[in-house]
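Colleague: Sharing a structure, written as C-alpha cells. Questions coming.
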C-alpha cells in the first residue's frame, strides 16, 4: 500500500497522518510542489492521495502556477473514485477541481472551534466514529461552496461546509486533522500576525498554545479512529 502526500509549503506536511501511515507500514511518497516537483501524470501506483494545506489561496494560480496541473490531477482522482483526503487548502482544491467557487469567509478561524455533524455525517462510515459535536484545530480564512457531487458532513454557523465526501472514498476537510504539537507551535510562530484577524477576540498566540495543551490529545484520539478506519477500508477495497 502506498500514499502520495502533496505538500504546498514546508510547514504543512502529513503530520499525524504520516505517523499512522508509518505505523501501518504504508509506503509514502512526499511531493513538494513548492520546491518545483510536479504531480505525476496518473494515479497509478498510489492507493491514497493526501492533499495537504498551505497559506496561499487556490485562486492565486498566477503566483502559484503548479495549481493548474494539481487541480487536473485531483479532478482525475475524484472522477476515478480514488481515495483522496484533502486538508484545508487541500479541501479547497478538491472543491475547485469539481467546479465549486472558493472565496474569503466572514472571518479567519484560527485555533480551536467546535463543528457539528450533519445527518449525512452521522451515518458516514468514518464521521460516525467521531463525536456528533467535535473540537478541531483551524487555520483558514477562505471557504467554498459544496461541489455538486459532494455530501456535506460537518460544519458550523460561519463555515457550514467544513467537511464533505465525494463518492465513497474522497473526503475534503477544511480543518487540520493532521496537526501535531510541533506543527501548532511552528504556525503560531510563523503566522502570528494573522491571529488578530480571527474571531472571537481577544485571541493571542499564548491562548492557542494553552488551549492546545488541553484539547490536542482528544483530537488526536479522534483522528486515529478516523484515519485507521479509512486505511483499513482502503486496504479491503484493494
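The values are calculated or read from the model by the stated rules, or taken from the named source; none is laboratory data. The shown structure was predicted, so the numbers you read here are calculated from the model rather than taken from an experiment. Don't worry about glycine lacking a Cβ; one is built from the backbone with ideal geometry, like all the others, and counts go over all protein chains shown.
Colleague: Given the criterion part of a loop (DSSP other than H, G, I, E, B) and closer than 26 Å to residue 21 by Cβ, identify the matching residue among 161, 140, 176.
Modeller: It is 176.
Colleague: Let me ask you something else. Please give the number of the condition residue 154 fails out of (1) within 16 Å of residue 222 (Cα to Cα); (2) touching a residue at least 40 places away in the same chain (Cβ under 8 Å); (3) under 14 Å from the mean Cα position of the chain (by Cα).
Modeller: For residue 154, the exception is condition (2).
Colleague: Do you know which residues across region 121-137 are in a helix (DSSP H, G or I) and surrounded by 16 or more Cβ atoms within 10 Å (Cβ to Cβ)?
Modeller: Of everything in region 121-137, those that are in a helix (DSSP H, G or I) and surrounded by 16 or more Cβ atoms within 10 Å (Cβ to Cβ) turn out to be 121, 127.
Colleague: Then there's this: Pairs only if they're at least six apart or on different chains, beta carbon under 8 angstrom, first in region 208-234 and on the phi < 0 side of the Ramachandran plot and without any contact (Cβ under 8 Å) to a residue 60 or more places away in the chain, second part of a helix (DSSP H, G or I) and surrounded by fewer than 16 Cβ atoms within 10 Å (Cβ to Cβ); list them, first residue then second.
Modeller: Qualifying pairs under 8 Å: 209/185.
Colleague: Do we have residue 116 as surrounded by fewer than 19 Cβ atoms within 10 Å (Cβ to Cβ), outside any strand (DSSP E or B), modelled with pLDDT of 95 or more and out of contact with any helix residue (DSSP H, G or I) (no Cβ under 7 Å at 6 or more places or on another chain) here?
Modeller: For residue 116, the condition - surrounded by fewer than 19 Cβ atoms within 10 Å (Cβ to Cβ), outside any strand (DSSP E or B), modelled with pLDDT of 95 or more and out of contact with any helix residue (DSSP H, G or I) (no Cβ under 7 Å at 6 or more places or on another chain) - is not met.
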